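Worksheet for the structure shown next.
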Amino acid sequence: MATEHSIAEPDELIGLIYRGPLETTPWQEFLGRLEERMGCLSAGMVLRLSGRGRPPLLVWGHRPALATGDADEARLAHARLGHLDPLRNALTKPGDIHTLDEIMPRGTLHENEFYRRVLKPYGVEYALGMYISEPGGWECNVGLVNDESRGDFDERDKLMLARLRPHLEQALTLYSRIQRDGSELHALADTLDRLTISTIILSGTGRIVRMNGAAQRLAERGDLIVTDRKVVIPDRGENAIFQALVGQAIEAWRAGEAGRYAEGMKIRSVEDEHLGLLVRGIDSPTPYVSDASPAVILHFAGDTSERPIERLVTKIFDLTPAEAQLATLLAMGYSLAQAADRLDLKESTVRTYCKAVLGKVGVGRQADLVRLILRSVAVLG
């Protein structure tokens, strides 16, 4: 049986709501369009994580947020006196929508410090606000403000916000997920940085998707060349081998066998030391990938940049500063003779220190000491 199907043309505002989490300043374009649609003085949004004690993110639309005065000064005043905002304090449940006049008579409002210090100096007389939240803890107030000439907001304005509410809630959930994933990724990248493991992620076209700080330092030092978002090894022969390995890893990724591909090689650095390079395919959690998806991960190890971990080794293993310095040098690959030279001590003295360190940490061999330190949290410090 033939059935008639129809769908209303999507509203531009809805598209901008879902694009908002990807903007540098989230939802700024949506707020600018909302100002135009509502014909109001300004539209704004306050984003905050509940119970975190951090200052909220205040976003205004594309129009000047204030009729007169300095915007930065107004933001500071809003941050200092936000707890006195009567409209914000009245928006307590998800979906609450109120005008300022609904919750406070004009006479009382004019005595309110928030009104006198934040609203009145910039010509704001009327406001409409809506509160939304999402399960991850993000809260959001969407607000519209008007001056005396534009007048108060009415039921039609409230209905407009109510219609936008479910889309804003869904977009806020997406924003929360993006922020959480970004924080987790930053923490993992920071861990690799602290281990001085240089890491670069390549897409299915071999272009750089992401590189951590340690990898950037290798490029700055000249051990790698980054051009057109691609990685090149300075030595022509080594680069030919490297590009072949990357190509093989990408082919394994395309064949759905990325998890089985892992190859290594050595690269000579500008400091005449060798870097170990691991080229590994990246398993995708879904079969639906594109050439822009992460396909290959590169790990470079052997960067000689040193980090002062002796203080943490001292505390974690209950060593003296001299013992901790020796233990750290051994963990970095120094022999006892090299450590003695580095510390400007006799080798016999260093051997005495080494025996004391082995006894304190409870291992019998130098190799076990090195393994213990490298597996400890001290190297992350």
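The values are calculated or read from the model by the stated rules, or taken from the named source; none is laboratory data. Computed from a predicted structure; not experimentally measured. Positions of Cβ are backbone-derived with ideal geometry, glycine not excepted, and every protein chain shown enters the neighbour counts. We work out accessible area using only protein heavy atoms, side chains counted, and drop any ligands, DNA or RNA first. Shrake-Rupley method; radii C 1.70, N 1.55, O 1.52, S 1.80 Å.
Please compute the length gained on full extension between residue 254 and residue 57, using 0.36 nm multiplied by the number of residues separating them and subtracting their Cα-Cα distance. All intermediate terms of the calculation are to be shown ahead of the outcome.
On the way: separation 197, 0.36 × 197 = 70.92 nm, distance 4.16 nm.
Roughly 66.8 nm would be gained on extension.
Describe numerically, in nm with one decimal, the distance between label points set 7 Å from Cα along Cα→Cβ at residue 278 and at residue 179.
3.4
Please give the solvent-accessible surface of residue 183 in Å², to the nearest 10, using a probe radius of 1.4 Å with every protein chain present.
Accessible area of residue 183: about 80 Å².
Do any GluC sites (Glu not before Pro) in segment 73-159 lie in a DSSP loop with no more than 11 other beta carbon atoms within 10 Å, and if so, which? Don't skip to the answer; put the middle values down first.
Details: sites: 73, 102, 111, 113, 125, 139, 148, 155; in loops: 111, 125, 148.
When the GluC sites (Glu not before Pro) of segment 73-159 are filtered for loop state and at most 11 Cβ neighbours within 10 Å, 111, 148 remain.
Could you calculate the FRET efficiency of residue 81 with residue 217 from 1/(1 + (r/R0)^6), where r is the beta carbon distance between them and R0 is 41 Å, rounded to 0.05?
It comes to 0.35.
With a probe of 1.4 Å, find how much accessible area segment 140-183 has per residue, and write the answer as a whole number in Å².
Solvent-accessible surface per residue comes out at 54 Å².
Along the Cα→Cβ direction, 7 angstrom out, place labels at residue 117 and residue 207. What is the inter-label distance in nm?
It is 5.0 nm.
Counting Lys +1, Arg +1, Asp -1, Glu -1, what net charge surrounds residue 263 among other residues with beta carbon under 13 Å of its beta carbon?
Residues close to residue 263 contribute a combined charge of +2.
Say R0 is 51 Å: what FRET efficiency, to the nearest 0.05, do residue 23 and residue 352 get from their beta-carbon distance?
Working: r = 62 Å, r/R0 = 1.22.
The pair residue 23/residue 352 has a calculated efficiency of 0.25.
Lysines within cross-link reach of residue 266: Cα-Cα under 29 Å, excluding same-chain residues under 8 positions apart?
Once the sequence-local lysines are set aside, what remains near residue 266 is 230.
On the protein heavy atoms, probe 1.4 angstrom, tell me the percent of accessible surface of segment 195-300 carried by carbon and sulfur.
50
What trypsin sites (Lys or Arg not before Pro) does segment 305-363 have in DSSP loop regions with at most 14 other beta carbons within 10 Å? If you can, show how the numbers build up before the last one.
On the way: sites: 311, 315, 342, 346, 351, 355, 360; in loops: 346.
Listed in order of number, the matching sites are 346.
How much accessible area per residue does segment 195-300 have, in Å², with a 1.4 Å probe?
I get 53 Å² per residue for segment 195-300.
When the accessible area of segment 307-377 is computed with all protein chains present and a 1.4 Å probe, what percentage of it is carbon and sulfur? It would help to have the intermediate numbers written out before the result.
Details: 2220 of 4260 Å².
Of all accessible area on segment 307-377, carbon and sulfur atoms account for 52 percent.
Check the straight Cα-Cα distances from residue 355 and name the lysines below 16 Å, setting aside those fewer than 8 residues away within the same chain.
Result set, ordered by chain and number: 346.
Once the piece of chain linking residue 301 and residue 163 is laid out straight, how much longer is it, given 0.36 nm per residue of separation minus the C-alpha distance between them?
44.3 nm
Just subtract the alpha-carbon distance of residue 106 and residue 150 from 0.36 nm times their residue separation and send over the number in nm, one decimal.
Answer, rounded to one decimal: 14.2 nm.
Setting aside same-chain residues fewer than 8 positions from residue 158, which lysines have a Cα under 16 Å from its Cα?
Partners within reach: 93.
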